[in-house]
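Colleague: For reference, the structure I am asking about is given below.
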Amino acid sequence: MTTTGVRRASPPQAVQKVREGVFMVQVAITESPSADWRRLFYDAQQEVPPDFAPRSVEITGTFLRFKSDPASVEQKVGVLDKWMERASQKVAAMGGRSEVQKQKTEELTREAQELSEWNARWAKL
């Protein structure tokens, strides 16, 4: 995980029309968030607008998606930025990743390296 934590990596994009005047809006984020980050994103927020709760935001891989009318997209993206910053600060304060997450990351890295070695061996077949 970077020292700056999870943050927005793209401007908002409408990806689907939900109904008249309401769109599914998506923003890319810098990394796929950890379980701790997700929990903090959903549960540790202050200043929650009545029409935009953290739980209304879907986190899928490196994307956040939410429903919005065009007029409030800018405001909601600003709120998302604050929520992401807060979750990232809290994760950093917890010492970053837990031991289990470190092991999982190391395991995934080893696995990727093994796959890469096999693919290099098979490249000329």
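Colleague: Using the heavy atoms of the protein chains alone and a 1.4 angstrom probe, what is the accessible area of the range 54-125 per residue in square angstrom?
Modeller: Values: 5150 Å² over 72 residues.
That works out to 72 Å² per residue.
Colleague: Can you tell me the dipole magnitude for the chain around its Cα centre, using point charges on the Cβ only (Lys, Arg +1; Asp, Glu -1), in Debye to the nearest 20? Walk me through the numbers on the way to the answer.
Modeller: On the way: 19 positive and 17 negative charges, 25 e Å.
The calculation lands at about 120 debye.
Colleague: Also: Compute the whole-percent fraction of alpha carbon pairs in the chain spaced more than 22 Å apart.
Modeller: That tail contains 45 percent of the Cα-Cα pairs.
Colleague: Out of the total accessible area of the range 27-125 (probe 1.4 Å, heavy atoms of protein only), what percent is carbon and sulfur?
Modeller: C and S atoms contribute 53 percent here.
Colleague: If you only keep lysine pairs separated by 8 or more in sequence, or across chains, how many in the chain come under 24 Å at the Cα atoms?
Modeller: Numbers: 17/67; 17/76; 67/76; 67/82; 76/90; 82/90; 90/102; 90/104.
Pairs that pass both the separation and distance tests number 8.
Colleague: Taking trypsin sites (Lys or Arg not before Pro) that fall in a DSSP loop and have at most 15 other Cβ atoms within 10 Å as cut points, what is the longest piece of the chain between them?
Modeller: Within the chain, the longest run free of exposed trypsin sites (Lys or Arg not before Pro) spans 8-123.
Colleague: Go ahead and estimate [θ] at 222 nm for the chain from helices alone: -39,500 (n - 2.57) per DSSP H run with n ≥ 4, summed, over the residue count, rounded to 500.
Modeller: Using -39500 (n - 2.57) per qualifying helix, the result is -14500 deg cm²/dmol.
Colleague: Filter the GluC sites (Glu not before Pro) in the range 23-125 to those in DSSP coil with at most 12 other Cβ atoms within 10 Å of their Cβ, and list the result.
Modeller: The qualifying sites are 47.
Colleague: Here is a follow-up. Rounded to the nearest 20 debye, what is the charge dipole size of the range 10-70 about its Cα centre when +1 sits on each Lys and Arg Cβ and -1 on each Asp and Glu Cβ?
Modeller: So the dipole magnitude of the range 10-70 works out to roughly 200 debye.
The values are calculated or read from the model by the stated rules, or taken from the named source; none is laboratory data. These numbers come from a predicted model, not from an experiment. Cβ coordinates were reconstructed from backbone atoms using ideal geometry, including for glycine residues, and neighbour counts include every protein chain displayed. Quick note on the areas: whole protein, heavy atoms, side chains included, nothing else; ligands and nucleic acids left out. Shrake-Rupley method; radii C 1.70, N 1.55, O 1.52, S 1.80 Å.
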